[in-house]
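One structure coming up, written as C-alpha cells, with questions to follow.
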Amino acid sequence: MLTLAWTQLRYHRAQSELWRCPARFVAVAAGRGSGKTELARRRIARFLAIRKPWPDPMYFYALPTVNQAKRVAWKPLLKLIPAEWISKINHSDMVIETVYGSSLYVLGMDKPERAEGVQWDGGIIDESCDQKPSVFDLNLLPALSWRNGWCWRIGVPKRYGIGAENFKAFFERGLKYSSDVQSFTWMSEEILTPDQLAWAREHLDARDFNEQYRATWERAGGTIFYAFLQADHVTDEVTYEPQMPLVIGSDFNVDPMCWVIGHIKGQELHVWDELFVRNTNTAETLNILYTKYGTHRGGFEFYGDASSRARKTSAAQSDYVQIRSDLRFTGARVFYPQSNPAVVDRFAACNAMFCSASGVRRLFIHPRCVHLIRDLKAREWKQGSREPDDYGDVGHMTDALGYVVHRRFPIKLPPPSVAAGVSLGG
C-alpha cells in the first residue's frame, strides 16, 4: 500500500533515484508542486513498519511552525498510514504510535526544543528555507547520532527565508557528494501540466517563477523592483480619463506624505499622477487632491495600509476616518485591510505587474511621477535579509503603489482546475 505508487505521481527520473538513494542525509531543492513533499510523506510512513534492534523506533516530520505541520503533514499522514498499522493517535501532540512499536512525531520547529530529548531513527525537514538555521545542526543532528538516523531536508530553493543560506550550503555540499550527503533537484516544468505552468507564468514575475517552478537559486539582495525598466514602463501614453474612477494609493507618512493616482484599465494599472507633500497631514493632502481633481466625475477609490486605521497624522481623526468623512469625496470607496500583507508579497505583486514570467507588462507610469520613478529605481534589500534598506524619503511612494497593486492584483493561489495537479504537495 505504501509502495511508491507512480500511478499517483507524475514520474520523474530524479524522483525514482531519490526514492532508492542510500545516503544518510539528502537535500532536495525542487520546484513547487513537483511531488517532493508526497515522496517525503511516503518515505517516512514506509519506515514505520521496518523493525529495528530496539523496540521503539522514532521518526519525525518537521515544518517551520505548528500550524504548517498540522496542515502539510499531520492530516495527510493520517490518511496515508494504513489504519491497521496504528495502535494509538495523540491528536494534541501530533503523535502516531504503531503496532510495530514505532512512533511518528509531527513537529513545528518554531520551538526547536520539541525535537530534543530523544534519539531519532529518521525524519523529514520540510520547507527548509524557512527553518531556523540552527534546527538541523544544533537541534536535530545530535538527536540522530546514537541510532545513526537518516534525514531528508526538502524545499523550494528560496532566495529569502531565515534558513535559505544554510539550506543552500547544505544542498551544494550534497552536489559534491560526500560520503553521507546527496542532493537532488528537478523543475516543476518537468512535472506539471502546461495549464498549470501557464497560470504561473502569467501571475508571477520572472525571478519568482524561476525560483518556484524551475528550482533555481536566484540571487538575494539587490534592487527590489528589478522588473521595472524605465524604457518599458514610463510613457506619456498614460492619460487621465475623466469618466473613470481615480485610484489613489496612500502612504500616510507625515514627511513626506506620498500618494499615487491613476486608473485601472482592465488588467492594467496606469499611474497618472502623484502627490509628494512635505510636513503635512491627511486633511491638507485631501485639500491638494481636491484642488487638482475636484471636478472629477468618475469617482474615487482610496487604498492604504492597515495601520492608517489607527495611526494619526493630524490631531483630530485617523487617516481612514478623515477620508470617509470628507464630504467633498462623498461616495468614495475606501479600501484598507484589517492587516497588512507581508512586504515581500506586496513587492512580488508589483514585479509581476511590471513583467510576468510570460513577458506581459501591465503597470505603466506617466513621466510626471518623478518621485515614484526614483523610488522604483532606488529601493533595495538589506544585504542578506528580506527587509528593505530604506533611508530618507526612499520607500514611501512605492509603498503607496504597492497598496493598490496588492489589493487589486494580488498573487493568488491557482484556481482549483489548475491547482488539482499540484495537490500532491511541494
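Does Trp146 satisfy the condition of being under 16 Å from Cys129 (Cβ atoms), at pLDDT 90 or above and not in a helix (DSSP H, G or I)?
In short, no.
Just to be sure I understand the filter: pairs with C-beta atoms under 7 Å, separated by 6 or more residues or on different chains, first member in region 180-204 and without any contact (Cβ under 8 Å) to a residue 40 or more places away in the chain, second member crowded, with 21+ Cβ neighbours inside 10 Å. Which pairs pass?
As it stands, the answer is Leu197/Tyr213, since those pairs meet every condition given.
Identify the residue in region 307-324 that is outside any loop (DSSP other than H, G, I, E, B) and either of a type in the set (D, E, K, R) or at pLDDT below 85 (or both) and, among all such residues, is nearest to the chain's Cα centre (by Cα).
Ser307
What do you reckon, is Ile264 surrounded by fewer than 19 Cβ atoms within 10 Å (Cβ to Cβ) and in a strand (DSSP E or B)?
So Ile264 fits the description; yes.
Which is small (Gly, Ala, Ser) and at pLDDT 85 or above, of Ala220, Ala200?
Every option except Ala200 fails the conditions.
Being under 24 Å from Gln338 (Cβ atoms) and at pLDDT 95 or above is the filter here; which residues of region 269-285 pass it?
Matches in region 269-285: Leu269 only.
Counting only residues that are part of a loop (DSSP other than H, G, I, E, B) and surrounded by 20 or more Cβ atoms within 10 Å (Cβ to Cβ), which one in region 93-108 is nearest to the chain's Cα centre (by Cα)?
Looking at residues that are part of a loop (DSSP other than H, G, I, E, B) and surrounded by 20 or more Cβ atoms within 10 Å (Cβ to Cβ), I get Met94.
The values are calculated or read from the model by the stated rules, or taken from the named source; none is laboratory data. None of these values were measured; they are calculated from a predicted model. A quick note on method: Cβ atoms are made from the backbone with ideal geometry, for glycine too, and the neighbour counts reach across all protein chains shown.
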